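The values are calculated or read from the model by the stated rules, or taken from the named source; none is laboratory data. Owing to the predicted nature of the structure, the values given are computational and were not obtained by experimental measurement. Note that each Cβ is placed from the backbone with ideal geometry, even for glycine, and that neighbours are counted across all protein chains shown. Note: areas computed on protein heavy atoms with side chains; ligands, DNA, RNA excluded. Shrake-Rupley method; radii C 1.70, N 1.55, O 1.52, S 1.80 Å.
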Amino acid sequence: MKITAIARNTFKEAKRDRVLYLLFFFAAICLLFSRFLALLTVGDRVKIIKDVGLASIQLFGMLMAILMGTGLVYKEIDKKTIFTLLAKPIHRVEFLLGKFLGLVLTIFIMTVLMAIIFLLILFLHTFTIEWSILLAILYIFFELCLMTAVALLFSTFTTPILASLYSLGFYLIGHLSWSLEMLIKKVKSGAGRAILRLLYIVLPDLENFNFKTEVVHHLPIPTKLLGISFFYGLVYTAFLLILSMLIFRRRDFI
Amino acid sequence: MAKVLELEQVYKAYRFGFIPKKKQILKGVSFYVNEGEIFGYLGPNGAGKTTTIKCILNLIFPDAGRITIFGEDSLKPKARQRVGFLPENPYFYDYLTGREFLTFYADLLGLHGQSKIEKIAYLLRLVGMERAADLQLRKYSRGMLQRIGLAQALLNDPALVILDEPMGGLDPIGRKEFRDIIVNLKKEGKTVFLSSHILQDIEMICDRVAIILAGEIINQGYLGDLISEKVLYTEVTIAGLPAAEFNHLGESVSTSGNRVLLKVYEESKIDQVISLVQQKKGKIISLMPRTETLEDIFVNMVKNQ
Ligand SMILES: Nc1ncnc2c1ncn2[C@@H]1O[C@H](COP(=O)(O)OP(=O)(O)OP(=O)(O)O)[C@@H](O)[C@H]1O
Ligand SMILES: [Mg+2]
């Protein structure tokens, strides 16, 4: 398969990237640090470990997705390796999908590694394993997949630095747009509300993937909500990939 | 004869800058390549050779015009099914070894199993890279990259091989090897399209050529038709006599030691030179008629434009 061949090579290339190991190293330090932080606090120490741990996985996972995602396609264009690749009888769509899948595989493995460290630290503290934690991590992973698609989209038309900044902006908006939903409820119905609603639909809402509070505080999570979030991630990621393809399809590689 | 590749009135402009400025690179390029021939695409630096090739391969999209490969519109990936391509300064994944690199591309082309392994081994042998097969590409020299690049272009057993400056970066032996490989490709029934400005190479192996200058094709056709068999002048090297003796017969170009190199333009004067040398007890070292070369044509055309 052409897509899997490209995905495999992307994974191979990502594996060699020092940035990935640097971020992983910092993530590990933060995870360990949560343990010490817990020692210093009074009150629910397990909660601190969980809070800091999940936040670290999310933060460093996001940085990995953005930095890898914006770098890899650009590098292929910049180093002109794309010339021989696209001269082969492959669709540009296949190239982009292969890149995406290779990156997702990389992010998946990194998430698993971070999760293992996190669960180990948690286990050493509590001597139990809470499987619900894995659910929170799984949804962090879904968010990371979406962020990979975002990074890929920006890297199809701009330099890695700009693409990283745009992606970071997207991430921040994505985590603040829930406030828009609050606003909609307060505004009287009419044109203003319609505009806000449209804005809310177009803007990403990454809080949809946030089950950290529920998991940390042992709150019930409705299955329906899990389903909706998963579906939201799927559709939004597909939308981003299609957008990237439309840009990439007609691009000149001078 | 079937046309393997045909370009009709291809135009391409690049736009750059913050406020885009247009630069017309290809100004209506048309030519065709017949099945089974070696076609040379000549032009000075910056004429648009690489740009044309990128249009053919869909790396860039022409603003206007039509390109067909095996009768198929070049916009379809299917048209590239039987095409192999070597870019001008091959850039490859430098972290892969030669063998890994070829394996990756073989996977892309859907080769698998024993036939894949055999094909790769065969190509490594063909381009003389067996010993460097397990070395990372970052440790390759330019000529070695060129060789592995050629192997990559031949992976899918292409019926049309497109080579952009294939001899660039090669030593004289490498150039000869590449020429032999290209001629062999022709013998196998493949069509070869190559761009170059090393005219001797083209003259030695090409059947037909097109000459591009500043984005326009200014001449194309069979090499034999472009180059006349007419003798331009005859070079006579004479020993033991002063150059002044021959001033009325031709132009003495250089004298070194006791030798004179004489350019004789009229055929009738050659006999006079010979008898004069015999009469004065001199010696003729060599006598060589010079016919027109591709270089003469090329230089003339570029001057005339
Ligand atoms: N990346 C680029 N950005 C801007 N202009 C370019 C770029 N690449 C090529 N050009 C312009 O396009 C024109 C044609 O370039 P092209 O590479 O097709 O020439 P060429 O015939 O292959 O030359 P050479 O023999 O040096 O390889 C040149 O005048 C050059 O200025
Ligand atoms: Mg060129």
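The table for this structure:
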{"quantity": "Peptide A:9-20, shielding by other chains (average Cβ, 10 Å cutoff)", "calculated": "2"}
{"quantity": "Between helix A:45-78 and chain A: long-axis angle, C-alpha atoms, 0 to 90°, nearest 10", "calculated": "10 degrees"}
{"quantity": "Pairs from A:LYS75/B:LYS12; B:LYS119/B:LYS190; A:LYS2/B:LYS76; A:LYS12/A:LYS80; B:LYS230/B:LYS269 whose Cα-Cα separation, in the structure shown, is over 20 Å", "calculated": "A:LYS75/B:LYS12"}
{"quantity": "Taking region A:7-161 and dividing mean pair separation by its residue count, relative contact order in percent (alpha carbons under 8 Å, at least six apart)", "calculated": "38 percent"}
{"quantity": "Solvent-accessible area per residue, Å², over region B:231-304 with all protein chains present [probe radius 1.4 Å]", "calculated": "60 Å²"}
{"quantity": "Relative contact order for chain B, counting Cα pairs under 8 Å that sit 6 or more residues apart, in percent", "calculated": "19 percent"}
{"quantity": "Rg followed by Dmax, in Å, when region B:50-115 is reduced to its Cα trace", "calculated": "14.4, 44"}
{"quantity": "Rg over Rh, two decimals, chain A (C-alpha only, Kirkwood Rh)", "calculated": "1.01"}
{"quantity": "Region B:165-267 - percent relative contact order, Cα under 8 Å, separation 6 or more", "calculated": "17 percent"}
{"quantity": "Average other protein chain Cβ within 10 Å of Cβ, residues A:72-81", "calculated": "2"}
{"quantity": "Values of log10 I(q)/I(0), in the order q = 0.09, 0.10 Å⁻¹, for region B:3-226 under a Debye, Cα-only, solvent-free model", "calculated": "-0.36, -0.45"}
{"quantity": "In sequence order, calculated HN-Hα J values of region B:228-242 (Karplus, 6.51, -1.76, 1.60; Hz; x Gly/Pro)", "calculated": "7, 7, 4, 7, 6, 6, 10, 9, 10, 9, 10, 10, x, 9, x"}
{"quantity": "Most fluctuating residue given options A:ILE195, A:ILE133, A:ILE184, as computed from a GNM of chain A linking Cα atoms under 10 Å", "calculated": "A:ILE195"}
{"quantity": "Buried accessible area, chains A and B (both chains, 1.4 Å probe, Å² to nearest 100)", "calculated": "2800 Å²"}
{"quantity": "GluC sites (Glu not before Pro) within region B:96-149: DSSP coil, no more than 15 neighbouring Cβ in 10 Å", "calculated": "B:GLU130"}
{"quantity": "Accessible surface of the protein assembly as shown [probe 1.4 Å, protein heavy atoms]: carbon and sulfur percent", "calculated": "62 percent"}
{"quantity": "The protein assembly as shown, Rg to Rh (Cα coordinates; Rh as Kirkwood inverse mean 1/r)", "calculated": "1.17"}
{"quantity": "FRET efficiency estimate (nearest 0.05) - Cβ-Cβ, B:GLN278 to B:ASN34, R0 60 angstrom", "calculated": "0.75"}
{"quantity": "Alpha carbon centroid spacing (whole Å) that separates region B:236-256 from region A:83-126", "calculated": "77 Å"}
{"quantity": "Whichever aspartates and glutamates have a C-alpha closer than 15 Å to that of B:LYS27, once near sequence neighbours (fewer than 8 apart) are set aside", "calculated": "B:GLU8, B:ASP63, B:GLU216"}
{"quantity": "Inter-label distance for B:SER228 and B:GLU266, nm, one decimal - labels placed 7 Å from Cα along Cα-to-Cβ", "calculated": "1.8 nm"}
{"quantity": "Rg(Cα) / (2.2 N^0.38 Å) computed for region B:231-304, rounded to two decimals", "calculated": "1.22"}
{"quantity": "Inter-centroid distance (Cα atoms) of region A:185-254 relative to region B:43-78, Å", "calculated": "41 Å"}
{"quantity": "B:GLN114/B:GLN136 FRET efficiency (R0 25 Å; Cβ-Cβ; nearest 0.05)", "calculated": "0.45"}
{"quantity": "Computed E for A:PHE26/A:TRP178 - FRET, C-beta separation, R0 30 angstrom, nearest 0.05", "calculated": "0.65"}
{"quantity": "Test item: B:72-82 mean partner chain Cβ contacts at 10 Å", "calculated": "2"}
